[in-house]
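*Asks:* The structure's right below; bear with me while I get my questions together.
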Amino acid sequence: MKAFTKNKYGGPEVLQLEEVEKPKIQDDHILVKVEANSANPADWHILRGKPFFARFTFGLFKPKDKIPGADFAGIVEEVGNNVKQFKPGDRVFGETLKGGAFAEYICAPANVCAIIPDGIDSKVMASIPIAGVTALQALITHGKLKAGETVLINGSSGGVGHFAVQIAKAWGARVSAVCSDKNLDFVKNLGADEVIPYDKENIHQHKEKYDLIIDTNGNLNHEDFVRMGRRGVLVGFTNMGHMMSVLLKSVFSKFPLAQFTAEANIKDLEILASLIQNEKIKVHIEKTFPYKNIPEAIGYIEAMRTKGKVAMVWEGLEED
Ligand SMILES: NC(=O)c1ccc[n+]([C@@H]2O[C@H](COP(=O)([O-])OP(=O)(O)OC[C@H]3O[C@@H](n4cnc5c(N)ncnc54)[C@H](OP(=O)(O)O)[C@@H]3O)[C@@H](O)[C@H]2O)c1
């Protein structure tokens with residue numbers, strides 16, 4: 001099968017498209033013929049081995065796993081002996097941070113996959129797993145958002161942010177969203193009640209108070225969380241020093257601030273699938289790349305200015 005592979009840490013240029021052996025089915029896994037992927041900041045963090053501490057997980061001197069890629073959607077070809085919930089021919093989507101998704105086939109644990117609702121496109125569903133699960137877990141699992149509460153979402157136009165705005169509205173919250181001025185109408189159309197352009201208003205001096213602050217961009221200071229929020233969730237990071245300073249201050253403060261690494265599970269993927277099916281959330285795909293241009297897609301999202309998501313397709317190769 002065709003797959004992108006890497007043998008050393010580096011930028012998208014270290015990825016090579018080559019013929020490799022098709023993965024063999026394992027007992028708790030499903031073998032999926034990949035139809036589409038999406039790109040996430042995790043892809044280039046893992047590709048570059050940055051921040052450095054990530055190498056303790058992904059390989060100290062060179063990457064442990066050859067094939068990169070986390071988000072995928074496709075058709076089940078084979079199921080492992082212990083898998084009961086899927087059968088060959090099912091359309092599924094899922095994610096695996098161990099990689100393997102930027103290939104014609106992926107052998108993925110069944111417990112990080114869910115069924116695609118009828119009539120929904122693969123590239124739409126491939127755009128959901130990491131960003132959608134992160135938004136859902138930030139708001140609901142860690143943020144404990146309740147209907148009628150107010151939430152500020154800092155970084156609301158990217159992958160995680162654009163899902164967070166829509167999920168918070170679906171949960172019955174009042175949403176204030178922070179993004180660049182150029183994306184103001186985009187975020188308003190996602191359903192935000194109020195949009196604050198960070199390049200026109202200094203968020204570090206914003207005075208409103210919210211029940212929950214979600215920081216997907218990671219540039220808020222500890223003082224910003226305390227001034228604007230009653231509780232907070234730190235999702236993204238701008239640099240390690242800043243993140244460590246926010247977390248260190250939270251150890252000595254009574255302010256309830258959560259930081260987490262999102263992990264896919266069937267229940268959360270099914271919630272997201274149902275939100276899509278019931279048109280409570282929509283995926284905005286800014287750009288679609290053919291699979292041969294996966295390195296270009298990774299390079300594209302490294303600028304961290306993506307509006308919604310970037311998808312990659314293995315069939316029906318059209319560019320949006
Ligand atoms: N904790 C976890 O488990 C987890 C999981 C997934 C992702 N993440 C992290 O979450 C972050 C976001 O991921 P993503 O997939 O949403 O990335 P993305 O799609 O690249 O979105 C990045 C967004 O950041 C916004 N942004 C840039 N500068 C900003 C500023 N000064 N203030 C507010 N927003 C700003 C951009 O919006 P404008 O263009 O409008 O400026 C852009 O939409 C990344 O750091 C990623 O590593 C963490």
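*Asks:* Build a GNM of the chain with springs between Cα atoms under 10 Å: which of G89, G100, G69 gets the top mean-square fluctuation?
*Replies:* So, out of G89, G100, G69, the one fluctuating most is G89.
*Asks:* Quick check: residue separation of K22 and K144 times 0.36 nm, minus the Cα distance between them. What number comes out in nm?
*Replies:* 39.7 nm
*Asks:* Collect residues whose amide H, placed 1.01 Å from N in the peptide plane, falls under 5 Å from the amide H of A177; neighbours closer than 5 in sequence don't count.
*Replies:* Residues meeting the amide H criterion: I153, E194, V195, I196.
*Asks:* Continuing with this model, one more query. Can you give the longest stretch of the chain with no exposed loop site, where a site means trypsin sites (Lys or Arg not before Pro) in a DSSP loop (not H, G, I, E or B) with at most 14 other C-beta atoms within 10 Å?
*Replies:* 85-143
*Asks:* Continuing with the same structure: Could you work out how much longer the chain between M304 and N81 gets when fully extended? Use 0.36 nm per residue separation minus the Cα distance between them, nm to one decimal.
*Replies:* Result: 76.2 nm gained on full extension.
*Asks:* Can you tell me, using C-alpha contacts under 8 Å and at least 6 residues apart, the relative contact order of region 131-259 as a whole percent?
*Replies:* 22
*Asks:* Pairs to check: K8/K200; K169/K200; K50/K280; K98/K182; K64/K182. Give those whose C-alpha atoms are more than 31 Å from each other in this structure.
*Replies:* Beyond 31 Å: K8/K200; K50/K280; K98/K182; K64/K182.
*Asks:* Give me D for region 131-259 in µm² s⁻¹, whole number, from Stokes-Einstein with Rh from the Kirkwood sum over alpha-carbon pairs, 20 °C and 1.002 mPa s.
*Replies:* 152
*Asks:* Okay, moving on. Which angle between 0 and 90 degrees, to the nearest 10, do you get for helix 159-170 versus the longest principal axis of the chain when only C-alpha atoms count?
*Replies:* 60
*Asks:* While we're on this one: If I stretch the segment between E279 and N7 completely, what's the gain in nm (0.36 nm per residue apart, minus their alpha carbon distance), one decimal?
*Replies:* This chain segment gains 93.8 nm when fully extended.
*Asks:* Still on this structure, I have one more. What is the magnitude of the charge dipole of the chain about its Cα centre, with +1 placed on the Cβ of each Lys and Arg, -1 on the Cβ of each Asp and Glu, and no other charges, expressed in debye to the nearest 20?
*Replies:* 1020
*Asks:* Then there's this: Find the percent of Cα-Cα distances in the chain that exceed 36 Å, and round it to a whole number.
*Replies:* 17
*Asks:* Quick check on packing: order 148-160, 125-137 by the mean number of other C-beta atoms within 10 Å, highest mean leading.
*Replies:* 125-137, 148-160
*Asks:* What residues of region 253-269 lie in the reach of a label at K64, counting those whose backbone N is under 19 Å from a point 7 Å from the Cα along Cα→Cβ?
*Replies:* 261-264
*Asks:* With axes computed from alpha carbons, what is the tilt in degrees of helix 240-251 against the longest principal axis of the chain, rounded to the nearest 10 within 0 to 90?
*Replies:* Compared with the principal axis, the helix lies near 60 degrees.
*Asks:* Filter the cross-link list K87/K146; K144/K207; K84/K282; K33/K287 down to pairs whose alpha-carbon distance in this structure exceeds 32 Å.
*Replies:* K87/K146
*Asks:* Per-residue counts of other Cβ atoms within 10 Å, averaged by peptide: what ranking do you get for 35-41, 75-81, highest first?
*Replies:* Descending mean neighbour count gives 35-41, 75-81.
*Asks:* Next question. Taking chymotrypsin sites (Phe, Trp or Tyr not before Pro) that fall in a DSSP loop and have at most 11 other Cβ atoms within 10 Å as cut points, what is the longest piece of the chain between them?
*Replies:* Excluding the exposed sites themselves, the longest stretch runs over 62-251.
*Asks:* Compute a Gaussian network model of the chain, connecting alpha carbons closer than 10 Å, and tell me which residue from T141, T306, T96 fluctuates the most.
*Replies:* Looking only at T141, T306, T96, the biggest GNM fluctuation is shown by T141.
*Asks:* Mind checking which aspartates and glutamates have their C-alpha under 20 Å from K24, skipping anything on the same chain fewer than 8 residues away?
*Replies:* Within the straight-line limit of under 20 Å, K24 reaches these aspartates and glutamates: E35, D65, D71, E77, E78, D90, E95, E104.
*Asks:* Here's another thing I want to ask about it. Just report the Cα centroid separation between region 73-134 and region 151-168, whole Å.
*Replies:* For region 73-134 versus region 151-168, the Cα centre distance is 24 Å.
Every number here is computed from the coordinates shown, using simple stated rules; none is lab data. Bear in mind the structure is a predicted one, so any value in this text is a computation, not a measurement. Cβ coordinates were reconstructed from backbone atoms using ideal geometry, including for glycine residues, and neighbour counts include every protein chain displayed.
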